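Scroll down for the structure; my scribbles are underneath it.
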Amino acid sequence: MSLPKPASLTPSKVTSFRECAFAFRLSVIDKIPQPTNIWTLRGSLAHRVLDRFYYEVPQGQRTRAQAQAIFDEVWSDFISRSEFLDLLRGLSERDLSTLRSSSWKMVDNDFRVENPNEVRVLGTEIMMETVHQDIVLRGVIDRLDLNSDGSLTVTDYKTGRIPSELKEHEKLIGVHFYALLCEAVLKKRPSSVQLIYLKDALTIVAHPTEASIRSLQTKTSAIWRAVEHACDRDDFRPRPSKLCSYCSYQTLCPAQRGSLTETSSGERAQSFNEYREPNV
Ligand code: SF4
C-alpha cells in the first residue's frame, strides 16, 4: 500500500531521510511525536533567547546584561510550560542547575564568536517557502543580516556538537538550502551562510555560488524522488548507526529488536549523565 507523501521538504527532513528512512517515516509520514529531551529543550531555549535578543535589542545596545535579562525571562517561561513539566520533574536539582548554566553558556558563547553590536539584523525566525519542480521547499531562517556592503548573511544557530568532516558536508546541504530559499524569495543570493555552533563557540562559513545552489537543487530533486519511491512502495528501511543511541523510535524499530534493555529511550533521556549528547 502506498503512503501519503509529505507536503514539503525542509533542511531537517532532508537530513532525517538521509540519516534513516525508517525514522523519517515515523516522524514525517506517521507523525509520531518524539518526546522532548533536555538537549532539544536546551536548544529551543538558546534559539528563543537569541531570537528575542537580536530582534528586540537595537544595534549598539546589545550587552551581556541585556541577553541575561532575556534569558531569565525565557527560562522562567520554559520551566513553567506544561509540555516540559514531566521532563523537568524527572531532573535532580543538580541536573536542573546544569541545564540552566549550560543553556546560558550557549547564549554567552555567541558573544565570543561575533560582536552583536556589529550585526545589522533584517529579521529573525523568518519562514521562507518556494516551489522548485513541483516540490515545496520550506525553511525557517534563524537570522538574516545586512552587511555593510549591502550583501546578505544567513545565520543558523547550532546547539549540538561540531560535526565531523563527513557530517560537516551534510550540514552544508542545509546551508545551501537556506541560500536557495533566500535567492528564490528575496531575489538575492546571500553572500554567506554561517553556522554558529553555540556549545563550542565556533562558526563555519560557506559562500553560496550559482553552482552550489544548482547542485543543491539537483540533490533535492533526487531526495524527493527517493521519498516518493519509498512512499509508493511503503519501503522505508532502518539504517542503524551511532544515531540510534538517542533515537526516540528505538522501541518501534525492527533493527533494534533484541538489543533494547527494559529502560525506554525516553526514560534514558532524563539525565545529563545517562544520555549521550546528539550531534544536532
Ligand atoms: S533506532 Fe536507528 S535504525 Fe531504528 S529508526 Fe532509529 S535511527 Fe533508524
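Every residue in the range 205-242 that is in contact (Cβ under 8 Å) with a residue 40 or more places away in the chain and among the aliphatic types (A, V, I, L, M), please.
Of everything in the range 205-242, those that are in contact (Cβ under 8 Å) with a residue 40 or more places away in the chain and among the aliphatic types (A, V, I, L, M) turn out to be LEU216, ILE223, ALA226, VAL227, ALA230.
Are there any pairs, at least 6 apart or on different chains, whose C-beta atoms fall under 7 Å, with the first in the range 41-63 and in contact (Cβ under 8 Å) with a residue 24 or more places away in the chain and the second among the charged types (D, E, K, R) and surrounded by 19 or more Cβ atoms within 10 Å (Cβ to Cβ), and if so, which?
Sorted first by the residue in the range 41-63, then by its partner, the pairs are HIS47/ASP142; LEU50/ASP110; PHE53/ARG62; TYR54/ARG143.
Among the numbered conditions (1) touching a helix residue (DSSP H, G or I) at 6+ places or on another chain (Cβ under 6 Å); (2) under 23 Å from ALA7 (Cβ atoms); (3) of a type in the set (Ser, Thr, Tyr), tell me where TYR178 comes up short.
(1)
Step by step: first the residues of the range 26-74, then only those that are small (Gly, Ala, Ser) and within 23 Å of ARG100 (Cβ to Cβ), then the one that is farthest from the ligand (Cβ to nearest atom). Which residue is that?
Only one residue tops the list, namely ALA65.
Is it true that LYS13 is within 16 Å of the ligand (Cβ to nearest atom) and either closer than 30 Å to VAL119 by Cα or under 16 Å from the mean Cα position of the chain (by Cα) (or both)?
For LYS13, the condition - within 16 Å of the ligand (Cβ to nearest atom) and either closer than 30 Å to VAL119 by Cα or under 16 Å from the mean Cα position of the chain (by Cα) (or both) - is met.
For the structure I just gave you, tell me whether ASP86 is surrounded by 14 or more Cβ atoms within 10 Å (Cβ to Cβ) and either of a type in the set (Val, Ile, Thr) or assigned to a helix (DSSP H, G or I) (or both).
It is false that ASP86 is surrounded by 14 or more Cβ atoms within 10 Å (Cβ to Cβ) and either of a type in the set (Val, Ile, Thr) or assigned to a helix (DSSP H, G or I) (or both).
Of all residues in the range 96-138, which are over 19 Å from ASP72 (Cβ atoms) and assigned to a helix (DSSP H, G or I)?
Matches in the range 96-138: ARG112, VAL113, ASN117, GLU118.
Which of the residues that make up the range 231-251 are surrounded by fewer than 17 Cβ atoms within 10 Å (Cβ to Cβ) and more than 6 Å from the ligand (Cβ to nearest atom)?
Residues satisfying the conditions are ASP232, ARG233, ASP234, ASP235, ARG237, SER241, LYS242, SER245, THR251.
Can you tell which of THR153, THR159 is modelled with pLDDT of 90 or more and within 17 Å of the chain's Cα centre (by Cα)?
THR159
Please verify whether ASN117 is more than 21 Å from the chain's Cα centre (by Cα), within 28 Å of ARG62 (Cβ to Cβ) and not hydroxyl-bearing (Ser, Thr, Tyr), treating the condition exactly as stated.
yes
Test ILE141 against the criterion of being surrounded by 20 or more Cβ atoms within 10 Å (Cβ to Cβ) and either without any contact (Cβ under 8 Å) to a residue 24 or more places away in the chain or farther than 28 Å from ALA7 by Cβ (or both), and give yes or no.
It is false that ILE141 is surrounded by 20 or more Cβ atoms within 10 Å (Cβ to Cβ) and either without any contact (Cβ under 8 Å) to a residue 24 or more places away in the chain or farther than 28 Å from ALA7 by Cβ (or both).
The values are calculated or read from the model by the stated rules, or taken from the named source; none is laboratory data. Please read these numbers as outputs of a predicted model, since none were measured by experiment. All Cβ positions, glycine included, derive from the backbone under ideal geometry; neighbour counts span all protein chains shown.
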